[in-house]
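**Student:** Please find one structure pasted underneath; my questions will follow.
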Amino acid sequence: ATLPMLIGKTNIGTGETGLIFSVGTLAVVLVNVFLVERLIKKIGLWGNILAGMVCAAIFYIVLPFCGSFWAFMITNLVLGISTSSMRPAHITLIASQIGATEQSVAQAAYLQWTAIGNIFGPPLGTAIYSGAGGILTYLIAAALFLAGSGYAYRISKTPARVVVQKPEVAVQE
């Protein structure tokens with residue numbers, strides 16, 4: 001929500017701003033279709049999440065210092081790719097921790113919390129941006145991602161809970 005405000009402080013026009021978002025979204029789709037599965041196979045679910053969070057933190061720090069179309073384009077591309085490529089790993093981890101009958105409820109809860117973040121994140125981000133400026137807004141976002149990556153790292157080192165499904169027995173009447 002704050003990226004257009006940040007870009008608005010430069011001489012980048014609305015058409016170029018739209019292009020930054022469109023190309024970023026296209027890159028996210030392509031990466032999710034062609035690369036995420038390979039990335040997860042190579043570095044694992046937790047590796048994917050941790051790499052995405054650390055990359056996001058780095059690029060949130062870089063973002064307020066962008067001053068040109070290409071700097072915003074590249075930074076937004078990497079930021080979008082790093083944050084969205086974590087989602088399949090999240091969903092897979094959720095599914096692996098619970099039984100088959102609870103998976104739809106757990107995934108719905110995940111999507112619900114994501115939606116809550118989308119509801120409250122933009123107004124909070126723009127309020128911080130309006131009150132404190134762009135640099136502090138993005139430093140807070142970077143700090144949250146770094147704190148989250150520390151927490152995710154700690155969780156990744158705990159033994160995984162294996163869910164064993166009891167076979168259902170057919171009852172004849």
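The values are calculated or read from the model by the stated rules, or taken from the named source; none is laboratory data. Owing to the predicted nature of the structure, the values given are computational and were not obtained by experimental measurement. Cβ coordinates were reconstructed from backbone atoms using ideal geometry, including for glycine residues, and neighbour counts include every protein chain displayed. Please note that ligands, DNA and RNA were not included when accessible areas were found on the heavy atoms of the full protein model with its side chains. Shrake-Rupley method; radii C 1.70, N 1.55, O 1.52, S 1.80 Å.
**Student:** Can you give me the angle between helix 36-62 and the longest principal axis of the chain, using Cα atoms only, in degrees from 0 to 90, rounded to the nearest 10?
**Tutor:** Here the helix axis deviates by roughly 30 degrees.
**Student:** I'd like the Karplus ³J(HN,Hα) series for region 115-123: coefficients 6.51, -1.76, 1.60, θ = phi - 60°, whole numbers in Hz, and an x wherever there's a Gly or Pro.
**Tutor:** These are the phi-based 3J(HN,Hα) values: 5, 4, x, 6, 6, 8, x, x, x Hz.
**Student:** Carbon and sulfur together cover what percent of the accessible area of region 48-137 at a 1.4 Å probe radius?
**Tutor:** 75 percent
**Student:** Hey, can you find the accessible area per residue of the chain for me, probe 1.4 Å, expressed in square angstrom?
**Tutor:** Per residue, the chain has 63 Å² of solvent-accessible surface.
**Student:** Which of Gly99, Phe21, Ile140 sits closest to the plus end of the dipole of the chain, meaning its Cα is farthest towards the positive end, when Lys and Arg get +1 and Asp and Glu get -1 on the C-beta?
**Tutor:** Farthest along the dipole direction, towards plus: Ile140.
**Student:** Angle check, please: helix 14-34 long axis (alpha carbons) against the longest principal axis of the chain (alpha carbons), in degrees 0 to 90, nearest 10.
**Tutor:** So the inclination is approximately 30 degrees.
**Student:** Compute the Rg/Rh shape ratio of the chain: radius of gyration over Kirkwood radius, all on alpha-carbon atoms.
**Tutor:** 1.07
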